[in-house]
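We did not get these values from a lab; they are worked out from the coordinates using the rules stated. Treat the numbers as computed from the prediction; the structure is a model and nothing was measured. We place every Cβ from the backbone using ideal geometry, glycine too, and count neighbours over all the protein chains shown.
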Amino acid sequence: MAREDTEDAIIAYKSILAQIIDNRPSGTRQRLATALGKHRSFVTQITSPTYATPLPARHLATIVRVCHFSATEEERFLEAYQAAHPGKLPDLGHSEKLRHLSLMVPDFGDDRKNRLLEEAISDLVQKIVAISGAE
């Protein structure tokens with residue numbers, strides 16, 4: 001597939017994803033960032049059609065689960081993803097089980113400090129999961 005065709009195909013599936021997320025309740029992007037163990041800016045890059053960044057296949061199951069895709073939405077999105085990345089579609093039937101955990105943390109009154117605290121907590125959780133042997 002030519003580069004332009006690939007970019008158009010990426011824009012196509014990211015447009016579908018952006019539309020799905022826009023139809024979800026407020027806070028969906030933040031819940032997605034938390035579930036992926038990433039910062040919200042990463043979620044913006046992988047879900048917005050204005051960024052050429054492809055969506056990593058390893059995140060598909062989490063995105064489908066957190067965003068509560070309907071069967072029709074999932075089929076449409078995955079067909080578009082497959083068109084952009086032939087042969088890269090993982091088996092979504094065996095996605096890892098995750099649970100949501102909320103924490104009450106101090107508000108430092110400073111966006112930078114608050115972000116650093118969130119990132120430190122996320123990094124800690126990822127390290128604990130890595131130690132436990134989970135992927």
GNM top mover of LYS14, LYS88, LYS113 - the chain, alpha-carbon springs below 10 Å: LYS113
Of the DSSP H helices in the chain, those whose Cα atoms cover at least 24 Å axially and whose Kyte score averages 0.0 or more: none
Helix-only mean residue ellipticity at 222 nm for the chain, each DSSP H run of n ≥ 4 adding -39500 (n - 2.57), per residue, nearest 500: -19000 deg cm²/dmol
Check: region 1-63 dipole with +1 on Lys, Arg Cβ and -1 on Asp, Glu Cβ, in debye: 460
log₁₀ of I(q)/I(0) at q = 0.16 Å⁻¹ - the chain, Debye sum with one point per alpha carbon: -0.90
